[in-house]
Each structure stands twice: as structure tokens, then as C-alpha cells.
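**Q** One structure, pasted below without further comment.
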Amino acid sequence: MRLNYALLFLFSLSAYIFPQGEPDIILSEVMFYPASGNNEFIELYNQSETEYINLASFTLKYYTSNPDSIKDAGYGTVLPPRSYAVIFEGDYSLDSGIYKNLIPSEALILKIKDNSFGTNGMANTTSRVLYLIRSPGDSSQVYTYSANNQLSFSDEKILLSGDNTSGNWGNSLHLNGTPGYKNSISPKMLDVEANLLTVTPSLILSGGTATVNMKVVNRGFNNLAAYNVQLFSDANKDSVPVQQEMIFEDDFANLPPGDSLILVFEIENLQPGTYYLILKVSTIGDEDSTNNIRFSSFTVQESYNEYNDLVINEIMYAPVSPMPEWIELFNRTGHTINLKKFTISDNNSTAYLSGKDVLLPSEEFAVISKDSSLLNSFPGITYFYTANFPALNNTGDALVIKDSLGVVLDSLYYSPSWGGAAGGVSLERISVNSASQDSSNWGSSRSP
């Protein structure tokens, strides 16, 4: 088995602008329209890579109300680097509140000293401004939320490193928001996707070649500095990629966000049967493993028929009324051919010869017509079948016979100059062993 592959990069253009001088502590999520009760919260995020920041001196100001002080809820007030803090109303119950099992243990839980943000809680039908204040007179962060959320869906910041304009915020995708977690609408920083796995051609015969087409996409926000692509032939059909089933592997580098890598891989000299493929991609730190694998399958058919096993032997394309058009086929082989699901085509259309088993013995003729009345004129026909094959043009036409797998068995393009154009006589083949396309191998029948 020889294995070949090629690759292609597809590029998309995108630009992201990161504001400079952003504060370490930022507003990252606001729940202003929670389920009934004291379930409002504001989430903060520490963008620093190294600095532990004490939030005890910070305050939150809602709209025109006085600032609310932040207090310890039993976990301290120091927020580690690259971590979230979730701030609840003062009377929220950490033991029985609706977020009890939603907040990860690594998130810092805090409260405000009052029992509501502002005077009576945050409005959920009118947009309002929020201030995160590091020290008196210093508004570290300002955000005006848009009150267009459904009940129990928060406002989330899209890019934590971005600004607080409305375009960088949106409605959460998760009921009750994502307190203490990465925002549901934020792009994943690292996310490689097995996007496509297909096999061509649609018909592969025994001994043929399958072309496997693979597409890998960088769905993350960051450049993929290094990633791995593997292809497996799943011999035991358990949908689990294992080392001994791997037929291709390679390492790649530098795939920008939104860009694609296309790989083309060939599997040659295939034997009949169904093959199951698994495409697997990976990168260190991938934030979404659910899109790393893709499956596909294809079937290699046994090639029972070869070109000219069955040939077109006679064509009645210009009959005298009321005689119908007809075609005669000849089985050149030493075995019976089943004409089930064979097709006959002309320049414009294709039709099945039969949906049932139609057995034509070795070195026998089969006559096919739309109308069984032909038997009135030729009662001695042994193998006669009716089929709604295309109307034959008197000025010349193509004829193609294919087997049930789509293999071309015979084809030609006849012309009136070949014969059979007048007098109700057919166009006859002279030798079944000579070329179908050779006009000298055809002539008008000597009898009607």
C-alpha cells in the first residue's frame, strides 16, 4: 500500500486591536436580571500574569447610587493572577443560593456590605452604568450594560483584554451565566478543529485508490504554534483511534486564527470491503476537545464487470410506425450477467433497465424496448425486457450502458451515416469484438 499526501493552507483575514494600559482588575460579567431573589452578581477578572491583588479597597458603584464596598465572604479578598472573583449581594446565601454548585472552587467569592447593588438592586429593563473603583476618585472600569437580556442570562465580556464598549459585550449563552468560569461568548484562545474528512471518488473498485481529504481549522483566538494531525484506519470498527491503526501522522506549525490546513492523502490497491477512517487533531492547551475527532467511511466494490463484457449490438432508432424503438445487447462473457439496476443513457437522460434480477446467460442476446408489442413482430425473442429508456434521436445520439456500480460497459455515438436511418431497418454491429465507436463496424440491417 503506497501512501501519499499533499497540503494546502487557506487564509482568512482578521484583525484584533488590544488597547494598551488596561488595568489588571476588570469587569467581566454582570448578572442584573437573575431569577427572583437576591441573585444579582458582578464578576471581576485579574488579568495580571504575576500580581496577587487585594480587592478589599475596591468599590462598585451602580448608576447614581453611592459606591458599595467589597467584603470578605469567608475566603479572603486577595485575587490571584488570571483568576475570577464573583461578588454577591450581602444577603446572598452561599449555602443554599442558586449558584452554589455553579461556581468553581478556584474562583474567589466576595460580597458587598449592603444587601443590594445600588439602592434597590440593578434595573433589568433600562440600561445602566457600572463603575469599578480602585480608590476614591479613580474609576478603574466603566461599563454600561444593555438591558436586552432574557431572564437569568447575564451580560458577558467577549475579549477580556478588550475595552468596555457595547461591541465587546453580549448576552451569555448559559442560563444563570458563567460565574467564576470563562465567559460563554469569549473565543477560545487555543482550539484546533478536525473540520472535514471525506473520501473520493464515490465509486471505488477493487484494486483502486481512495483519495482522503482532510481539513483542519484553527477555531481559537491565538495562532497555533504547533499541532498534530493523525489519520487512522479503524480496523476493529470501535471508533477509538489507537496507535496500531494509524496510517498517517505529521506535525505542523503556525496556523493563524480562522485559517485552514487541507491535507490530501491516498490509499492505493484497495481490496473489496468497507473501510472506517478517523481523523484526529491535537495541540497542547486545546480548550475544546469535542471537535478534535471526525469520522468517515467508504466501501470498495468488487469489480464484477469489465468494459465490453456487455455490448450494444443492434439499435432500432428510426422505426416505421407503429413499430417501437429498441436496443439489442450481447453478453460477450463466459458467465451470466445480472442486468439489475443497469442503466442506459443518451445525450439527455438516463433510465434503469430493471429494478429486479434480470439474468442474461453467456453469449446470449437481450432485446430492450419501451413497448412489449415488439414481440408481435418478433415472437422468437428469448430474452426480452421492457424499460423506459430514452427516446433515440434519428439525427444521431449517444448511448452508454453502465452496470449497477456505475462501471461503463459500452458506449458509442451513432450517426445516420452509420446506417439504419430509413426504411425501418435497424443499425447493426458487424463484430462484437471490434470497437463500438468505429463507424466501419456498423451498418444497416439487411432485413427489417
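**Q** Measure out, as a whole number of angstrom, how far apart the alpha-carbon centroids of region 227-282 and region 409-428 sit.
**A** Here the answer is 51 Å between Cα centres.
**Q** Taking amide H positions as placed 1.01 Å from N in the peptide plane, with prolines and chain starts having none, which residues 5 or more places from residue 383, or on another chain, fall under 5 Å of its amide H?
**A** 367
**Q** Now, a different point. Which pairs break 25 Å Cα to Cα here: 215/237; 61/188; 100/182?
**A** In this structure, 61/188 exceed 25 Å between Cα atoms.
**Q** Then there's this: If r is the Cβ-Cβ distance from residue 94 to residue 244 and R0 is 60 Å, what FRET efficiency results, to the nearest 0.05?
**A** 0.70
**Q** Over the chain, what is the mean sequence separation of C-alpha contacts under 8 Å (at least six apart), divided by residue count, expressed as relative contact order in percent?
**A** 12
**Q** Moving to a separate point now. Using a Gaussian network for the chain with springs between C-alpha atoms less than 10 Å apart, which of these wobbles most: 284, 42, 381?
**A** Result for the chain, Cα springs under 10 Å: 381 fluctuates most.
**Q** Right, something else. What order do you get for 207-218, 309-320, 160-171 when each peptide is scored by the mean count of other beta carbon atoms within 10 Å, highest first?
**A** Going by the mean number of other Cβ atoms within 10 Å, highest first, we get 309-320, 207-218, 160-171.
**Q** Ordered by residue, what ³J(HN,Hα) values in Hz, to whole numbers, does region 189-194 give under the Karplus form 6.51 cos²θ - 1.76 cosθ + 1.60, where θ = phi - 60° and Gly and Pro are x?
**A** For region 189-194, the Karplus-derived couplings read 5, 10, 7, 9, 10, 7 Hz, x marking Gly and Pro.
**Q** Which loop GluC sites (Glu not before Pro) in region 38-86, with loop taken from DSSP, have no more than 14 other Cβ atoms within 10 angstrom of their Cβ?
**A** Hits after loop and neighbour filter: 49, 51.
**Q** In a Gaussian network model over the chain where Cα atoms closer than 10 Å are linked, find which of 79, 375, 277 has the largest mean-square fluctuation.
**A** Of 79, 375, 277, the Gaussian network model singles out 375 as fluctuating most.
**Q** By per-residue mean of other Cβ atoms within 10 Å, what is the highest-first order of 185-195, 328-338?
**A** 185-195, 328-338
**Q** If you don't mind, there's one more thing I want to ask. Towards the positive end of the charge dipole of the chain, with charges on Cβ (+1 Lys, Arg; -1 Asp, Glu), say which of 264, 195, 209 has the farthest Cα.
**A** Value: 195.
**Q** Could you give the length gained on full extension between residue 333 and residue 114, defined as 0.36 nm per residue of separation minus the Cα-Cα distance, in nm?
**A** 69.4 nm
**Q** How large is the Rg to Rh ratio of the chain when both quantities use alpha carbon positions and Rh follows Kirkwood?
**A** Over the Cα atoms of the chain, Rg/Rh equals 1.29.
**Q** Show me the three semi-axes of the equivalent ellipsoid for region 190-301, from the C-alpha gyration tensor (sqrt of 5 times each eigenvalue), largest first, rounded to whole Å.
**A** Over the Cα atoms of region 190-301, the ellipsoid semi-axes are 27, 14, 11 Å.
**Q** Follow-up. Using a Debye calculation, one point per C-alpha and no hydration shell, please list log10 I(q)/I(0) for region 25-171 at q = 0.16 Å⁻¹ in order.
**A** -0.82
**Q** Would you calculate the separation in nanometres between label points at residue 274 and residue 225, each defined as 7 Å from the Cα along the Cα-to-beta-carbon direction?
**A** 4.4
**Q** From largest to smallest, what semi-axes in whole angstrom does region 310-444 give when each is the square root of 5 times an eigenvalue of its alpha carbon gyration tensor?
**A** Here the semi-axes work out to 21, 17, 15 Å.
**Q** So, with +1 on the Cβ of K and R and -1 on the Cβ of D and E, and no other charges, what is the size of the charge dipole of the chain about its Cα centre, to the nearest 20 debye?
**A** 600
**Q** Run the numbers for residue 165 and residue 146: contour at 0.36 nm per residue of separation, minus the present Cα-Cα distance, in nm.
**A** Length gained, residue 165 through residue 146: 5.8 nm.
**Q** If I stretch the segment between residue 284 and residue 340 completely, what's the gain in nm (0.36 nm per residue apart, minus their alpha carbon distance), one decimal?
**A** Contour length minus the Cα-Cα distance gives 14.8 nm.
Each value in this text was obtained by applying a stated rule to the coordinates, not by laboratory testing. Note that the structure is predicted; figures quoted are calculated from it, not measured. Because the Cβ atoms are built from the backbone with ideal geometry, glycine has one as well, and the counts that use them run over all protein chains shown.
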